[in-house]
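> Below is a structure I'd like to ask you about.
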Amino acid sequence: MIAGDLPLEDLPQAWRDGMRELVGIEPPDDRQGCLQDIHWYDGAWGYFPTYTLGAMTAAQLFDAAKRADPGIVSGISRGDFAPLLAWLRAHVHGKGSRYSTMEIIEQATGRPLESAVFRRHLEARYANG
C-alpha cells in the first residue's frame, strides 16, 4: 500500500496470507486481522518500536521498584498502588524535565535500558502460564 502496489481493497486478504505465511495462523476476521490496530492500516509504522520500548522500560522500572521495595507486589495485589507510585515519583516523575529518558532509566534502575529484564518478564508471563 505504501509503495502503491497493493490496492486498499486487497489489504484484508494480503494480511491473512501474510499472517499464514509468517506465523502460521490466519485471523478469523478483519477485526482481528488488518483492522486490529489503527496504526497498522493508518500507516503509522513508527508506533511499533515505541510500543516495545515502552514495554521494555516498564518492565525494567517495575523490576527496580520491586527490588527497592519488595512490598510493592503485595500492595498491588491488595489494590494499594501507593508504594509503587511513591517509588515512581521519587525515581521517574520528579526527574522528567531535567534528564533524558535514557538517563532517567539508568538512574532509576542502575543500568541502561536492556532486553534481559523484559525477556524475563515475557517468559514469566507467557512461557510459564
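> Local charge sum around residue 28 (other residues, Cβ-Cβ under 14 Å, Lys/Arg +1, Asp/Glu -1)?
Details: positive: 16, 20, 31; negative: 26, 29, 30.
In short, 0.
> Further, regarding this structure: Provide the net charge surrounding residue 12, with neighbours chosen by a C-beta distance below 12 Å and charges set as Lys +1, Arg +1, Asp -1, Glu -1. Display every interim value, and only then the final one.
Numbers: positive: 16, 31; negative: 9, 10, 17, 26, 29, 30.
Within the 12 Å Cβ shell, the charges total -4.
> Ok, one more. Compute from the Cα atoms of the chain the Rg and the Dmax, the latter being the longest Cα-Cα distance, and quote both in angstrom.
Final numbers for Rg and Dmax: 19.7, 55 Å.
> Residue by residue through the range 70-78, which ³J(HN,Hα) values in whole Hz follow from phi under the Karplus form 6.51 cos²θ - 1.76 cosθ + 1.60 (θ = phi - 60°), with glycine and proline marked x?
x, x, 4, 5, 5, x, 4, 5, 9
> Taking only DSSP H segments of four or more residues, each worth -39500 (n - 2.57), what value at 222 nm results for the chain once the sum is divided by all its residues, to the nearest 500 deg cm²/dmol? Before the final figure, lay out each step's value.
Working: 7 runs with 74 residues, N = 129.
Value at 222 nm, helices only: -17000 deg cm²/dmol.
Quick note: the coordinates plus some simple rules give every number you see, no bench work behind them. Just so you know, these numbers come straight off a predicted model, no measurement behind them. Neighbour counts are summed over all protein chains in view; Cβ atoms, including those assigned to glycine, are modelled from backbone coordinates with ideal geometry.
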